[in-house]
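Everything on this sheet refers to the single structure shown next.
The values are calculated or read from the model by the stated rules, or taken from the named source; none is laboratory data. Please read all numbers here as calculations on a predicted model, not as lab measurements. Methodologically, a virtual Cβ is constructed for each residue, glycine included, from the backbone with ideal geometry; neighbour enumeration extends over all protein chains shown. Just so you know, the surface numbers come from the protein's heavy atoms only, side chains and all, with ligands and any DNA or RNA stripped out. Shrake-Rupley method; radii C 1.70, N 1.55, O 1.52, S 1.80 Å.
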Amino acid sequence: MFSPVVAKFGGTSLAKGSQFQKVQSIVSLKKSRSCIVVSAPGKRFEGDKKVTDLLGEIHRLKQSGEVHEGLLSEIQNRFEEIHCHLNLSGDFILSRGEYLNALIMSKSLGYTLVDAKDVIFFNDDGSLDEKKTHEAIGKHILKEKKVIVPGFYGSDPRGSIKTFARGGSDITGALIAKCVGAALYENWTDVSGVMTADPRIEKSARTIPRLTYKELLRVTRQGAQVYHPDAIPPVESCNISIHIKNTNSPEEPGTIIKGDE
Ligand code: ASP
């Protein structure tokens, strides 16, 4: 059976139009990259704001009754009124960065958009409904040749949007990789893999070429932001390798993560 490559692109990889073009050329280079998971637009430069943080701010301001100025705010207020009236959760707003990025990417790549609300399911206690998720991914994703799925969110038992923890698009990608029996889980970011130190601070930092799942868990728990620790178990349980790669330097080898030899 054909095993797809699941490729997840993080926020900095999709922070602006020119980054989208880099992602498009990466995706088109390998035919097997048939399942793409995207984050919301992240920081374009040091000190910039992530779209998810802006959406969180809008929701907080709206709840505290503060008025927005300007035309953009007016449009936003219209949607906010509808959203509040329907009593939808703040998670709905928070998740729209991923949704819109996936919508744009699906149009520009010609891939089918599969909304995460239809394939990722949570229980009432916030844990993942594994059975329902597995079945839905089989039903909606496996039958498509090329799909885009927004990361970071899914549905609760009443059908309302619920998000993972921040940085949770990695988890979406890992769950999809597991459920489709991926050949590989690629995780595209803005550094060339797991580094020996923070490359923004330590100029001599170098890429670690190989790690085990356990070693990756240790470095992410120690604060390395490159990959979400909760995104390790789904792929580890099926022995799917993770390949951490740099969208801005796709020729660099990155870091491969697999089990003990
Ligand atoms: N956009 C979300 C965040 O900023 C999720 C993600 O990027 O994985 O946390």
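List of remarks:
- Filter pass, residue 128 being open to solvent by less than 40 Å² (accessible area, probe 1.4 Å) and in contact with a strand residue (DSSP E or B) (Cβ under 9 Å, 6 or more places away or on another chain): no
- Tally, over the range 210-228, of residues that are closer than 24 Å to residue 130 by Cβ and surrounded by 17 or more Cβ atoms within 10 Å (Cβ to Cβ): 6
- Output for the range 242-258, where each listed residue is in a loop (DSSP other than H, G, I, E, B), of a type outside the set (D, E, K, R) and open to solvent by 20 Å² or more (accessible area, probe 1.4 Å): 248, 249, 250, 253
- Residues that are in a loop (DSSP other than H, G, I, E, B), more than 10 Å from the ligand (Cβ to nearest atom) and within 20 Å of residue 192 (Cβ to Cβ), drawn from the range 4-15: 15
- Checking each residue in the range 163-182 for being more than 13 Å from the ligand (Cβ to nearest atom) and among the charged types (D, E, K, R) picks out only 178.
- Residues satisfying the stated conditions in the range 23-41, i.e. within 16 Å of the ligand (Cβ to nearest atom), in a loop (DSSP other than H, G, I, E, B) and either under 20 Å from residue 181 (Cβ atoms) or of a type in the set (Gly, Ala, Ser) (or both): 39, 40
- Test result for residue 78, more than 16 Å from the ligand (Cβ to nearest atom), farther than 30 Å from residue 138 by Cβ and open to solvent by 30 Å² or more (accessible area, probe 1.4 Å): yes
- Count of the range 22-57 residues, restricted to those that are open to solvent by 20 Å² or more (accessible area, probe 1.4 Å), touching a Ser or Thr at 6+ places or on another chain (Cβ under 7 Å) and either under 14 Å from residue 102 (Cα atoms) or of a type in the set (Phe, Trp, Tyr) (or both), is 1.
- Within the span defined as the range 184-193, one or more residues are in contact with a strand residue (DSSP E or B) (Cβ under 7 Å, 6 or more places away or on another chain), open to solvent by 60 Å² or more (accessible area, probe 1.4 Å), closer than 24 Å to residue 25 by Cα and in contact (Cβ under 8 Å) with a residue 40 or more places away in the chain.
- The residues listed here are 175, 216; of these, the one that is in a helix (DSSP H, G or I), closer than 23 Å to residue 122 by Cβ and either within 18 Å of the chain's Cα centre (by Cα) or touching a residue at least 40 places away in the same chain (Cβ under 8 Å) (or both) is 175.
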